[in-house]
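Here's the structure we're looking at; comments come further down.
Every number here is computed from the coordinates shown, using simple stated rules; none is lab data. Source: prediction; values computed, not measured. When we count neighbours, we look across all protein chains shown, and the Cβ atoms used for this are built from the backbone with ideal geometry, even at glycine.
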């Protein structure tokens, strides 16, 4: 696991609860708020919900208020030695 995947963990290695809106739309459905910053974030895991959780944790750790344009990729093993992997990615945004 990369260092990016560890950001969503607490001191004992368990995922801590994070709350941030994840939208599959390309724009946040929020009226009257201006996006002042945006950047690519992602999370990878062999478990889909954990990949989404890592994505949210990474975004929160960098000060995002939401993640828009969330997309999912599934990487299937081509041999018996590789693990199944999910990647969740999107644009983390900060409102001003």
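If you rank 93, 36 by fewest surrounding Cβ atoms within 10 Å, what's the result? List each step's numbers first, then the result.
Working: 93 25, 36 10.
In increasing order of surrounding Cβ atoms, one gets 36, 93.
Projected label points at residue 94 and residue 39, each 7 Å from Cα along the beta carbon direction, are separated by 0.8 nanometres.
For the pair residue 62 and residue 19, label points projected 7 Å from Cα toward Cβ lie 2.4 nm apart. On the beta carbon distance between residue 85 and residue 31, with R0 = 35 Å, the FRET formula returns roughly 0.40.
Annotation: the residues 46, 79, sorted from fewest to most other C-beta atoms within 10 Å of their own C-beta, follow the order 79, 46.
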